[in-house]
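One structure is given below, encoded as C-alpha cells.
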Amino acid sequence: MSILNVLFIAIILFLAGYSLRLKLRQKPESGNFLTFEGLNLQVSNDDVMQFIRDTAENFRPTMESRNISFNVKCSPESMMGWIDTEKLDTIFLLLLADIIKGCPEEGKITIQASTNRNFDSVTIRINDNSSTSLTKSLFIARQLVNMHHGNLRSEHYEGQGNTVIIELPIKKDILVAKQATLPTEQTASTQPSSFHIPTNIQLNIPTIELPEGIAEGSQSLGTLVQQAYNSPSHQFLQKATKCVQEHLDDSDYDRDAFAADMGASASTLYNKLRALTGKNVTVFIRDIRIQTAIKLAKDHPDLRVSDIAYRVGFKDPKYFATTFKKVTGKQPKEYFDEIRNE
C-alpha cells in the first residue's frame, strides 16, 4: 500500500467533526454516554435531527461553489436519540465527498431524515442526479453504518442518479441488545483511539481512494485505519491545524511564526500544506480564521461583526469584511444574519 493511499484513507476516516467546529465536541456527562468496547462505538444522547442538519450544512459552501442545489429536510425538526456522532460525521463526509465529485455543475443533492412510528430509528435518504454511481466510498461507509448496528442500501438509476438509504437505531436499549447478540469474533477491533482534523480544511482530494485491488473483506477497516494512523503527513496536518487554532486572535501570526511553531522551514511548510490541502500558507490560515468567525457568529448572536473580526485576528473590520466576502461571496453581516435566522 502506497503512503499516498494510506494518507487518503487517514484523512477521510478521521475528518470527524464539523467543518464549522474547530474544537472537539465536549464529551457528554457520564449518564449520557455509552461505550461499546468491542466495536469502539461511543453513543451519546443528542438531538439527532439537529446533528444531521448541522453536519449536512457544512457542505453547503462547497455545493454553492459548484452551483449545486442542496436541500436538507428533517422530520421531525428535533428528536433526541443515541448516536455515535463521530461515525455519523465520517459517514456523511465519505458519501457527500463522493457524490459532489460526480455531481454535475448546477446539479441537485437532497438529504431527508425521518423517524419511524416508534421513534426508535432514523432513516437518512440521500439523492443526487449524478451520472456516475458511488463506488469506493460505500466500502467504508457501509462498515461504519454496520458498526452502528444499522443498514446501508445504495442504488444508481440510469438518467436519475444515486439513492443512498441509511437506517440507524437510536434507542439505547436497542443498541445494547444488538451489541449483546454479536459473536465474539465480530467485536474485535484494532482501531486506535479517536483524534481530530476539522473539515474546514478543504482538501485537494475530492473523495476517498482505496488501494488498488482491494476487495471487501480482504482487509479489515481496523487494519486500514491502523496503518494510516501513524502517517507522518497526517500528523503534520493535525499539528498545523492546532497551531493556527491556538493563534487565532494574533493578527501578526504569519508564515514565519507558523513555520517556527511547526519546526519546519517556510518552504517546507508551504510545500506540505500545498500537497495536502491545495492551499498556500496564507490561505490556510485565512480560511481557518473565516470558518471560526462563522462559528462565533452562530454560537454568539449578540457579537458585532467588528468584535468577531478582532477575535479571529483581523485588526481592521473593513479588511475582514473584504476578505470574508472574497471567501464566502457575501458580506459578514448578511451571512451572519442568514445563519442566525436558520
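The values are calculated or read from the model by the stated rules, or taken from the named source; none is laboratory data. Everything quoted here is computed from the prediction, not taken from an experiment. Neighbour counts are summed over all protein chains in view; Cβ atoms, including those assigned to glycine, are modelled from backbone coordinates with ideal geometry. Quick note on the areas: whole protein, heavy atoms, side chains included, nothing else; ligands and nucleic acids left out. Shrake-Rupley method; radii C 1.70, N 1.55, O 1.52, S 1.80 Å.
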Subset of the range 117-133, residues open to solvent by less than 20 Å² (accessible area, probe 1.4 Å) and either more than 15 Å from D98 (Cβ to Cβ) or within 21 Å of the chain's Cα centre (by Cα) (or both), comes to V122, I124, I126, D128
If we ask which residues in the range 321-330 are over 9 Å from I290 (Cβ atoms) and either β-branched (V, I, T) or touching a Ser or Thr at 6+ places or on another chain (Cβ under 9 Å) (or both), their number turns out to be 2
| Among the residues of the range 315-337, is there at least one that is assigned to a helix (DSSP H, G or I), touching a residue at least 40 places away in the same chain (Cβ under 8 Å), of a type in the set (K, R) and surrounded by 13 or more Cβ atoms within 10 Å (Cβ to Cβ)? | no
Every listed condition ((1) within 29 Å of T135 (Cα to Cα); (2) modelled with pLDDT of 50 or more) holds for R255 save (1)
- Is it true that Q112 is open to solvent by 80 Å² or more (accessible area, probe 1.4 Å), modelled with pLDDT of 85 or more and either over 28 Å from Q179 (Cα atoms) or in contact with a Gly (Cβ under 7 Å, 6 or more places away or on another chain) (or both)? no
Restricting the range 287-304 to residues that are of a type in the set (D, E, K, R) and over 25 Å from the mean Cα position of the chain (by Cα), the one surrounded by the most Cβ atoms within 10 Å (Cβ to Cβ) turns out to be R304
All-but-one check, D307 against (1) farther than 23 Å from R340 by Cα; (2) open to solvent by 40 Å² or more (accessible area, probe 1.4 Å); (3) in a helix (DSSP H, G or I), failing number (1)
Restricting attention to the range 277-286, the residues that are of a type outside the set (A, V, I, L, M, F, W, C), within 19 Å of the chain's Cα centre (by Cα) and assigned to a helix (DSSP H, G or I) number exactly 1
Over the range 227-248, the set of residues open to solvent by 60 Å² or more (accessible area, probe 1.4 Å) and at pLDDT 90 or above is E246
Filtering the range 138-180 down to residues that are over 26 Å from M79 (Cβ atoms), without any contact (Cβ under 8 Å) to a residue 60 or more places away in the chain and open to solvent by 10 Å² or more (accessible area, probe 1.4 Å) yields L138, E155, H156, Y157, E158, G159, Q160
Apart from one, (1) under 23 Å from K178 (Cα atoms); (2) at pLDDT 85 or above; (3) open to solvent by 20 Å² or more (accessible area, probe 1.4 Å); (4) not basic (K, R) all hold for Q50; the odd one out is (1)
